[in-house]
Each structure stands twice: as structure tokens, then as C-alpha cells.
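Just below is one structure, and these are the notes that go with it.
The values are calculated or read from the model by the stated rules, or taken from the named source; none is laboratory data. Computed from a prediction, not measured in an experiment: that's the story for all the values here. Ideal geometry is used to build each Cβ from the backbone, glycine not excepted, and the neighbour counts take in all protein chains shown. The protein model used for the area step is the full one, side chains on, heavy atoms only, and it has no ligands, DNA or RNA in it. Shrake-Rupley method; radii C 1.70, N 1.55, O 1.52, S 1.80 Å.
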Amino acid sequence: MAGQSDPHLSIFSSAEVEFLAEDEMVEIVPNISMDPLNLLCGNFGPFRPQIATEVPMWLAMALKKRGKCTIRPPEWMSVGKLTQVLEAERDSPREFQPLPFHYVEISRLLFDHAREDIPDVYMVRSLIEDIRDVRFHKVESGLETIAARTHAVKLKNLSAMEVNIVRPFFVRALQAFYKHDSPQMIHQPDTSSRRPQVADRGPRRDLRPR
Amino acid sequence: MASGSEEGLGLGSEEFDPISAKTDVELLKRAWRNEKASPEILQFQEALVQRAREQTQLSEGTVEEYAEDGTDPLRVSLYQMDLDRTQFLLRSYLRIRLQKIERYMIHISKTELWNRLSKQERKFATSCTDNLGKHLNQSVLSRLPYGYQDILKQSISSEEDDMVPEPQLDTFVFCKSKGSVGSFQLDDVGDEIVDLIADDLYVLRYKSIKALVETGQIDLV
């Protein structure tokens with residue numbers, strides 16, 4: 001979507017956003033026995049067959065890849081919940097529904113590595129894709145409302161991956177508006193050529209109230 | 001052993017998060033994120049980095065020990081993964097800071113930003129500035145006409161140092177408030193007021209929330 005011309009504006013790579021998402025907690029059901037793990041990022045376990053326990057995504061993925069557990073998909077990843085979200089998402093053109101901050105990455109990781117653990121996986125996948133599309137459409141139409149004197153944009157419930165994707169464009173658009181709106185830009189031409197400026201600057205004032 | 005930090009231990013000025021006591025890894029992640037997303041260099045998290053170093057060293061020892069005494073390879077690899085993740089955070093955090101220093105070294109050394117650097121970073125900045133100065137003098141500046149030879153000024157008639165790159169504080173950042181910050185004024189001149197409530201996500205000008213980032217009331221995302 002957004003342009004990539006300025007590398008400084010896209011601060012996080014998508015791999016880094018995924019890295020952050022891998023610390024989100026998920027419930028697993030191990031099929032092995034293992035003593036508790038005392039890790040730098042926290043203590044997890046003990047692991048006993050058929051007894052559910054919570055671990056970070058990366059740990060769940062590691063165990064899953066080795067066939068040591070099944071994953072319980074989070075509650076929001078059910079057909080019922082997602083259908084509700086999609087409907088609400090469509091019904092409220094100006095708001096984003098509350099979803100986990102890393103919903104894109106979590107669902108992606110689960111689709112890639114634990115699809116057999118997700119009931120109705122095809123349905124769930126297409127629902128999430130629809131939700132993403134609707135949300136992106138909203139972000140795009142939200143961009144149209146950016147104008148001079150926009151000092152703040154509220155994006156409650158926008159998720160991490162969505163933030164990362166729209167960041168370069170958003171920041172550049174806001175910066176451009178800010179720059180052209182700053183008093184320096186407006187007053188500078190005053191000294192040099194007066195007449196042609198006056199006509200130009202008339203309508204500018206209308207933009208002020210916000 | 002290599003567990004998360006005991007809460008309440010070694011609480012420096014940098015982390016005061018009474019609502020949710022966090023592990024050092026989480027604090028490091030936050031510092032990394034903020035550092036990555038903010039245009040200027042932030043306060044070096046000395047105590048935190050020190051603790052993270054000690055913990056990764058401990059964990060390295062554990063992994064080695066396990067690898068030797070024939071512990072379940074799965075366990076060893078999980079410990080290794082955990083260690084790798086933390087080390088990535090630590091290295092990436094230090095690297096972003098170095099990148100910022102390289103980009104803005106002269107500006108940093110002239111302002112109060114200097115106090116935000118660690119001892120090693122200051123050393124790096126000083127030698128970097130020296131090298132850059134020497135290089136530019138030898139390759140370009142010494143061959144320019146008199147009056148245009150200053151590394152900090154465009155020409156002798158410049159009143160201030162106008163050849164020093166500075167971080168752009170006017171830029172916009174994405175941020176999330178942790179708790180309710182309440183309303184605060186966005187601009188020094190404007191009448192624009194924003195009411196930040198918990199978990200809200202905003203795109204704001206960095207300058208206007210700078211203080212809130214520095215005190216840890218707001219996180220950049």
C-alpha cells in the first residue's frame with residue numbers, strides 16, 4: 001500500500017512486528033511431560049499430558065512444530081465471534097472493533113503452523129481476511145479526512161500490523177500538511193511579492209477552524 | 001537462576017510501573033520499541049541493560065550446562081530460543097542507539113542529549129565526531145575557499161551552526177497510552193486539546209508528547 005521511498009519512516013520490519021506478537025500468550029495442551037521452564041521471559045509449565053497451560057506463542061510454535069502439543073485457538077478466533085466482529089466492523093464506518101493488538105500476526109502464525117487445531121479453519125481464515133479488508137478500507141477513507149491543521153488522528157483499536165503498514169504514508173501526509181501549514185511557510189512570501197500572494201492566501205483562512 | 005526479575009528489585013528511575021510489575025525482558029522490549037519509534041535518542045536504560053546482560057549470561061551458562069549433561073534436547077533448544085530472543089532485543093536496542101548517534105552526533109554532543117548516552121556511547125560519539133571531522137577536512141573542506149571551511153557552518157557568514165543534522169521532532173508518531181493520561185495541550189500555541197484514555201491509539205506530533213514518552217506515561221508503537 002503505502003510508499004516505501006523513505007526507509008526511516010517504516011520503523012519496524014514485518015518480521016519485527018511478528019517477533020513482538022510471538023510474546024502473546026496462547027493456551028496449549030501438551031502431550032508430553034516436562035518440568036517447568038524458567039526462562040528469561042517468565043516461568044512456564046509444568047507440562048503434563050492433556051493438561052492445558054498458557055505459554056507465549058513462540059514457545060507454543062516450537063512445541064507444535066515438534067509435535068509435542070496441540071494449540072487451543074484463542075476465543076476470538078471462532079467463526080461465531082469473527083462473524084460478529086465482521087458485522088460490527090461493517091456497521092460502524094468510523095470505528096474499529098476491539099481485536100487483539102496482534103490479531104493479524106497471531107492468526108497468521110496459527111494458520112501456518114497449527115491449522116489442524118483450528119475448527120473451521122477455512123471459514124475462520126476467510127473471515128479474518130474480510131475483517132482486514134474492511135478495516136483497511138476504513139483506514140484509507142480515514143486518510144481522506146486528513147487536512148491542514150490535523151494535529152492528532154485517533155485510531156483506537158488499530159492493530160500492530162495495520163499501524164506498521166499505514167505508518168509511512170500517514171506520517172508523510174501529516175508532515176506535509178504540518179509543514180505547509182506552519183506560519184513560516186505562510187508568512188515568508190509576504191516580504192517579496194505582495195500582490196499575487198493576496199489572492200492566493202484569501203481562502204486559506206477558511207481552513208483555520210477545526 | 002535465569003528467571004524474570006524480582007519485582008521491586010533495583011527499581012531505577014527508568015521503570016516505575018506500579019500497575020503491572022513486569023519482567024526485565026518486557027521492560028527491555030518497551031525500551032526497544034520506544035527507542036526505535038522516537039526520532040531522537042532517549043535516556044539510556046543503564047540499570048535495565050546491566051540486568052539484562054547479567055541474566056543472558058546466566059542463561060548462557062545454563063544452556064551450556066544442559067548441553068553437556070545430556071538434558072532433554074528439546075529443553076535445551078527452548079532455553080536457547082529464549083536466550084536468542086532476549087539477546088536480539090538487547091543487541092537491536094544498542095544498535096539503534098548507535099545509528100542515532102552516528103546520524104546526530106554533533107547535535108547530541110552540543111545539547112543536553114549528551115547526558116542520555118552511556119559511557120561507552122559517549123566514547124563512540126567522540127571518536128566518531130573526530131573521524132568525521134578529520135575525514136571531511138582532508139577530503140573536502142581544506143580545498144574550499146576561505147570562509148567555507150567550517151564543518152559546522154555553511155559559510156563564515158552563518159550566524160549559527162547550520163550544517164548540523166538534527167532529529168526531526170516535528171514528525172508524527174503512533175502512540176498508545178498505558179493509563180489515563182488525562183487531557184493535555186497539543187501545541188504551544190494551539191487550543192487543541194487531546195484527552196488520552198487508557199489503550200487509546202493516536203497519531204500525534206512527537207514534540208507534543210515528548211515529555212510523556214520520557215516519563216513513561218505513553219508508549220510508542
Report task. Check residue B:209 against each of (1) in the same structural domain as residue B:38 (by the TED database); (2) closer than 29 Å to residue A:171 by Cα and name the one condition it does not meet. Result -> (1)
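Yes/no per residue for (1) within 22 Å of residue A:102 (Cβ to Cβ); (2) at the interface with chain B (Cβ under 8 Å from one of its Cβ atoms):
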residue: A:143; (1), (2): no, no
residue: A:151; (1), (2): no, yes
residue: A:158; (1), (2): yes, yes
residue: A:168; (1), (2): yes, no
residue: A:174; (1), (2): no, yes
Requested in this report: Go over the candidates B:48, B:74, B:58 one by one and state the one that is assigned to a helix (DSSP H, G or I) and crowded, with 19+ Cβ neighbours inside 10 Å.
Outcome: B:48
Query raised in the report: Of all residues in region A:90-116 being in a helix (DSSP H, G or I) and crowded, with 22+ Cβ neighbours inside 10 Å, which is farthest from the chain's Cα centre (by Cα)?
Result: A:110
Query - Condition met for residue B:173 (closer than 15 Å to residue B:39 by Cβ and part of a strand (DSSP E or B)) - result: yes
Query raised in the report: Picking from B:174, B:184, which residue would you name as being aromatic (Phe, Trp, Tyr) and either at pLDDT below 90 or in the same structural domain as residue B:105 (by the TED database) (or both)?
Result: B:184
Report summary line: Checked pairs for region A:65-77, first within 16 Å of residue A:52 (Cβ to Cβ), second at pLDDT 95 or above and open to solvent by 40 Å² or more (accessible area, probe 1.4 Å), C-beta under 6 Å and 6 or more apart or across chains, list as A:72/A:27
Report summary line: Counting only residues in region B:159-212 that are open to solvent by 20 Å² or more (accessible area, probe 1.4 Å), of a type in the set (Lys, Arg) and in contact with a strand residue (DSSP E or B) (Cβ under 7 Å, 6 or more places away or on another chain), the one farthest from the other protein chains (Cβ to nearest Cβ) is identified as B:178
Requested in this report: Could you run through region B:118-154 and say how many residues are part of a loop (DSSP other than H, G, I, E, B) and in contact with a Ser or Thr (Cβ under 9 Å, 6 or more places away or on another chain)?
Outcome: 5
